[in-house]
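Step one of this worksheet: look at the structure below.
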Amino acid sequence: MAVFTPPPDTNSAPDHPQSQDIHDKDDNDVKKFYIRPSLGLKLWGPLVPAPDNLSGLYTLISIQSAVGLFALFRLRRLYRLPPPRRIATHAHSDLSFGELPSEMIVNGKTKIRKDIADFPTLNRFSTTHGDIVLAPPPIIPRQSRFISMRKLFWGLFGSLLLSQSLLEVTRLNLLKYDPWYDEMKSVRDKKFFNNIVKYYHEGIDPTKIKVKDAMNGTPLSTNIPEVKQSVALARAQVEAQNPIIKWFGPLEYKPMPFNEYLNRMEFHLDMFEFFQNKRNIRGIPLSS
């Protein structure tokens with residue numbers, strides 16, 4: 001059993017031309033980053049995790065659902081605002097918050113009646129005293145349009161987030177077969193074994209990696225095939241445990257289009273129905 005010490009500086013340039021070409025190819029692949037597929041987390045853009053990263057997917061679903069509930073809470077608070085302020089058209093009249101439609105503020109006092117004698121047009125030939133009920137002033141709502149726009153925004157925003165979260169939860173829990181999930185698992189396994197082969201052919205640089213026997217700690221030769229294989233496997237495991245790789249998967253991974261995703265789902269359902277019918281036919285006894 002061999003124990004190796006990882007290189008202290010992974011950014012240093014390799015000594016072999018072949019390994020230099022491999023690293024250049026990897027750098028070019030990293031630049032071609034594709035957004036991970038999703039049904040209900042598209043609003044997160046490039047932050048969407050790999051389809052097989054269930055912990056990352058549920059984390060984003062929880063955050064998105066919390067934001068959606070907060071938006072609906074803001075919408076509910078808007079409906080609890082006090083009624084709009086009423087402004088009377090009379091020069092000396094005004095209505096304040098909470099007043100009834102029949103109440104008017106005239107010279108700082110609330111009045112709902114007025115003497116007929118105060119109206120010259122009603123007393124052209126004589127002076128008549130009496131009370132007349134004043135009609136409520138017209139309502140002029142302030143900022144009503146702005147409040148309506150806020151209600152519309154918070155309502156649509158919250159409903160959109162919650163519906164998208166529900167859609168993604170449905171994909172993760174109700175679907176028995178997920179082509180994106182299987183594709184990512186296959187890509188991860190392929191990348192892992194390709195890294196083992198790549199690191200094995202790169203060999204071991206004794207100036208960067210020291211291999212010792214696990215029993216007595218004596219240095220081992222780096223030209224032994226078993227040692228090269230163990231080091232290549234360890235290096236591939238270290239890369240697979242990288243937080244970025246665990247979240248996004250292999251960075252050069254290009255997911256299948258949505259049309260192909262639907263085609264595979266349809267094919268899976270057709271095959272499932274076909275074998276289910278075959279099984280039901282075999283279970284029915286033949287009639288004489």
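The values are calculated or read from the model by the stated rules, or taken from the named source; none is laboratory data. Predicted, not measured: the structure shown is a model, and the values here were computed from it. A quick note on method: Cβ atoms are made from the backbone with ideal geometry, for glycine too, and the neighbour counts reach across all protein chains shown. Keep in mind that these areas ignore ligands, DNA and RNA; they rest on the heavy atoms of the full protein, side chains included. Shrake-Rupley method; radii C 1.70, N 1.55, O 1.52, S 1.80 Å.
The residues neighbouring residue 240, those whose beta-carbon lies less than 11 Å from its own, together hold a net charge of +2 under the Lys/Arg +1, Asp/Glu -1 convention.
Please compare each pair in 191/212; 198/246; 212/246; 151/246; 185/228; 191/278 to a cut-off of 31 Å on the Cα-Cα distance and tell me which ones are over it. List each step's numbers first, then the result.
Working: 191/212 27 Å; 198/246 20 Å; 212/246 29 Å; 151/246 40 Å; 185/228 26 Å; 191/278 38 Å.
Beyond 31 Å between Cα atoms: 151/246; 191/278.
Rg(Cα) of the stretch 177-281 divided by 2.2 N^0.38 Å?
Details: Rg = 21.2 Å, N = 105, 2.2 N^0.38 = 12.9 Å.
My calculation over the Cα atoms of the stretch 177-281 gives 1.64.
Of the solvent-accessible surface of the stretch 177-281, computed with a 1.4 Å probe over protein heavy atoms with every protein chain present, carbon and sulfur atoms account for 59 percent. Here's the picture: charge each Lys and Arg Cβ at +1 and each Asp and Glu Cβ at -1 in the stretch 177-281, and of 180, 259, 229 the one pushed furthest to the positive end of that dipole is 229.
If R0 equals 51 Å, the separation of the Cβ atoms of residue 210 and residue 182 corresponds to a calculated FRET efficiency of about 0.80. Applying 1/(1 + (r/R0)^6) with R0 = 22 Å to the Cβ-Cβ distance of residue 159 and residue 258 gives a FRET efficiency near 0.45.
Projected label points at residue 146 and residue 62, each 7 Å from Cα along the beta carbon direction, are separated by 3.8 nanometres. Length gained on full extension, residue 268 to residue 239, computed as 0.36 nm times the residue gap minus the Cα-Cα distance: 7.1 nm.
Averaged per residue, what accessible surface does the stretch 177-281 expose to a 1.4 Å probe, in Å²?
For the stretch 177-281, the solvent-accessible area averages 66 Å² per residue.
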